[in-house]
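Chemist: Sharing a structure with you now.
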Amino acid sequence: QVQLVESGGGLVQAGGSLRLSCAASGGTFSMYVMGWFRQAPGKERESVAAISRTGMNTVYADFVKGRFTISRDNAKNTVYLQMNSLKPEDTAVYYCAAERSVRVGVDAGEYDYWGQGTQVTVSS
């Protein structure tokens, strides 16, 4: 059983930056593809970014390309999401998730473990 704990959310002005972290425990971190998802009020959960087990391959949603960067440190069992040039429409609860797979997926249904989420609020 893998436990995931997100941190780093908060309130930021438009154009600002935040760095989310997700610490994993209870499993072999390097065996899991990791993803970041978000869910805004009244909207469905959507994929933001995902990263392969080694960190060599990444996938981004079109709406964050060039602004967000996903990375991981397998020695620290942690995945990160660097968010720059934030917009009010980025306001959401951000979740990290783990999938025991070799393929970097963006379908939330494929992920096995989820964190509790961290709120990101971007003011205009």
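The values are calculated or read from the model by the stated rules, or taken from the named source; none is laboratory data. Because the structure is a prediction, the values reported are computed rather than measured. Heads up, the Cβs are rebuilt from the backbone with ideal geometry, glycines too, and the neighbour counts pull from every protein chain shown. The protein model used for the area step is the full one, side chains on, heavy atoms only, and it has no ligands, DNA or RNA in it. Shrake-Rupley method; radii C 1.70, N 1.55, O 1.52, S 1.80 Å.
Chemist: Please note which strands (runs of 3 or more DSSP E) are completely contained in region 22-73 and include at least 3 residues that are touching a Phe, Trp or Tyr at 6+ places or on another chain (Cβ under 8 Å), on the phi > 0 side of the Ramachandran plot and open to solvent by 70 Å² or more (accessible area, probe 1.4 Å).
Modeler: Answer list for region 22-73: none.
Chemist: Something else now. Quick check: is even one residue across region 3-20 open to solvent by less than 40 Å² (accessible area, probe 1.4 Å), within 14 Å of residue 115 (Cβ to Cβ) and out of contact with any Leu (no Cβ under 9 Å at 6 or more places or on another chain)?
Modeler: yes
Chemist: Let me spell it out: the conditions are (1) in a strand (DSSP E or B); (2) touching a helix residue (DSSP H, G or I) at 6+ places or on another chain (Cβ under 9 Å), and residue 89 meets all of them except one. Which number is the exception?
Modeler: (1)
Chemist: If you scan region 74-100, which residues turn out to be open to solvent by less than 30 Å² (accessible area, probe 1.4 Å), over 12 Å from the mean Cα position of the chain (by Cα) and in contact (Cβ under 8 Å) with a residue 60 or more places away in the chain?
Modeler: Within region 74-100, 86, 99 qualify.
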